[in-house]
Amino acid sequence: MKQLSTKHLLGIKNLKKEDINLIFETADHFKEVINRPIKKVPSLRDITIANLFFENSTRTKLSFELAEKRLSADIINFSASQSSVKKGETLIDTVNNILSMKVDIVVMRHPNVGASVFLSKHVDAKIINAGDGAHEHPTQALLDSYSIREKLGTVKGKKIVIIGDILHSRVALSNIFALQLQGATVKVCGPTTLIPKYISSLGVQVETNLKKALDWCDVANVLRVQHERMDIKYFPSIREYTQLFGINKEILDSLGKKIVIMHPGPINRGVEITSNVADSDQSIILNQVENGVAIRMAVIYLLAQQIKK
Ligand code: CP
């Protein structure tokens, strides 16, 4: 059986193209499973998974939990806000206490960049990064590419623009790595204050004119402005941001072609995207969420195959 080249899923940067192909092939199988009347397989009956969320989440948390249940794994859920972290317990102490309950795989979201890498060096379990600060969100990028492949047949050769707050976005960085690995061309578009200085070193072009960016692309992945990661003002007002970088029906109708609209969520309707775009037939936002379960089943299943019992 084919195996992933990595022991953990810490970021897309650590993956090879063959890993992505293997994850997608495996997700194709699980997508078929979760559309059956009985949506469950017994594959991971001997595996225990801990979901550790030190930061808020709706999609990622629920999607991992459902993926684990569909694979018949035993799961425990940990939310930092209701835990002894509030009494001063460290990350390593918290995780080692959880691991002493015989946990095989840890899925972790954490506000600090590198938290998953740190954990992978200090504990004896498989680690899956469910988002670390503004660094990486690998399963989001995998489900995004998988959704493009499903909609357009392939990712190779496609032109993808990522629009919005690139500076604070782990989704942007993981998407750039994943899309380029599969042969897509990536541009970013947003206020210059929200585009990191290093972006050109990743082979990504910057386009500050939204209409030009949309005219160029096959797919627009629209991001939320991450106010919670900002300690200064990066643009004058939300109103001005929406005027310059908001995706609305008028601008899409002016393109003379139908591009695909994506958003990782959560959406701020009326800010970066209007409701009549988010809910339109050009949008694959809910397909992304559906595909998240199959992709996470694939990642968990493939990593679990490396565990010797
Ligand atoms: N896309 C995403 O990571 O959403 P959540 O923060 O709700 O998990």
(request) Report the antiparallel proportion of the DSSP beta bridges in the chain as a percent, rounded to a multiple of 5. (result) 5 percent
(request) Would you work out which of ILE127, SER280, ALA304 lies farthest towards the positive end of the dipole of the chain, given +1 charges on the beta-carbon of Lys and Arg and -1 on that of Asp and Glu, about the Cα centre? (result) ALA304
(message) Restricting the calculation to Cα positions, tell me the Rg (one decimal) and the Dmax (whole number) of the chain in Å.
(response) 19.3, 59
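Using DSSP H assignments, which helices in the chain have an axial alpha-carbon span of 20 Å or above and a mean Kyte-Doolittle hydropathy of 0.0 or higher? Walk me through the intermediate numbers first.
Numbers: long enough: 17-33 (24 Å, -0.49); 138-152 (21 Å, -0.43); 285-304 (29 Å, 1.23).
Qualifying helices, which must be both long enough and hydrophobic enough, are 285-304.
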(request) Would you list, by chain and number, the lysines whose Cα falls below 27 Å from the Cα of LYS86, excluding same-chain residues fewer than 8 positions away? (result) LYS61, LYS102, LYS121, LYS126
(request) Quick one: dipole size for the stretch 165-309, taken about the Cα centre, charges +1 on Lys/Arg Cβ and -1 on Asp/Glu Cβ, in debye to the nearest 20. (result) 480 debye
(message) Taking 8 Å as the Cα distance limit and 6 or more residues as the minimum spacing, I'd like the relative contact order of the chain as a percentage.
(response) 20 percent
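Counting each DSSP H run of 4 or more residues in the chain as -39500 (n - 2.57), what helix-only mean residue ellipticity at 222 nm follows after dividing by all residues, to the nearest 500 deg cm²/dmol?
Working: 11 runs with 117 residues, N = 309.
Result for the chain: -11500 deg cm²/dmol, rounded to the nearest 500.
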(request) Send over the semi-axes of the stretch 138-285's equivalent ellipsoid, whole angstrom and largest first, taken as the square roots of 5 times the C-alpha gyration tensor eigenvalues. (result) 21, 19, 14
(request) Sort out for me the Cα centre separation of the stretch 105-153 from the stretch 15-59, rounded to whole Å. (result) 13 Å
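What value does the stretch 220-286 have for Rg/Rh, both radii from Cα atoms and Rh as Kirkwood defines it? Display every interim value, and only then the final one.
Details: Rg = 12.5 Å, Rh = 12.6 Å.
A ratio of 0.99.
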(request) Take each of the peptides 99-105, 33-39, average the number of other beta-carbon atoms within 10 Å over its residues, and list them starting from the highest. (result) 99-105, 33-39
(request) Could you estimate the translational diffusion coefficient of the stretch 3-162 from the Stokes-Einstein equation, with Rh from the Kirkwood formula over C-alpha pairs, at 10 °C and 1.306 mPa s, in whole µm²/s? (result) 94 µm²/s
(request) Could you grab the relative contact order for the stretch 1-142? Cα pairs under 8 Å, six or more apart, rounded to a whole percent. (result) 27 percent
(message) Just to verify a number: FRET efficiency for ASP279 and LYS13, C-beta to C-beta distance, R0 = 41 Å, to 0.05?
(response) 0.75
(message) Run the reach check for LYS158 against lysines, Cα to Cα strictly under 26 Å, same-chain hits fewer than 8 apart removed. What comes back?
(response) LYS13, LYS16, LYS17, LYS31, LYS187, LYS197, LYS211, LYS212, LYS249, LYS257, LYS258
(request) Between ASN56 and ASN268, take the C-beta separation as r, use R0 = 25 Å, and let me know the FRET efficiency to the nearest 0.05. (result) 0.95
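Viscosity 1.306 mPa s, temperature 10 °C: give me the Stokes-Einstein translational D for the stretch 165-247 in µm²/s, with Rh taken as the Kirkwood radius over C-alpha pairs.
On the way: Rh = 13.4 Å.
D = 118 µm²/s.
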(request) Starting at the first residue of the stretch 100-105, write each ³J(HN,Hα) from the Karplus equation 6.51 cos²θ - 1.76 cosθ + 1.60 with θ = phi - 60°, in whole Hz, x for Gly and Pro. (result) 5, 8, 6, 9, 9, 10
(message) List the residues, sorted by chain then number, that are 5 or more residues from LYS158 or on another chain and whose placed amide H is less than 5 Å from its amide H.
(response) THR185
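Every number here is computed from the coordinates shown, using simple stated rules; none is lab data. Nothing here was measured: the structure is a model prediction, and the numbers come from that model. Virtual Cβ from ideal backbone geometry, glycine too; neighbours counted across all protein chains shown.
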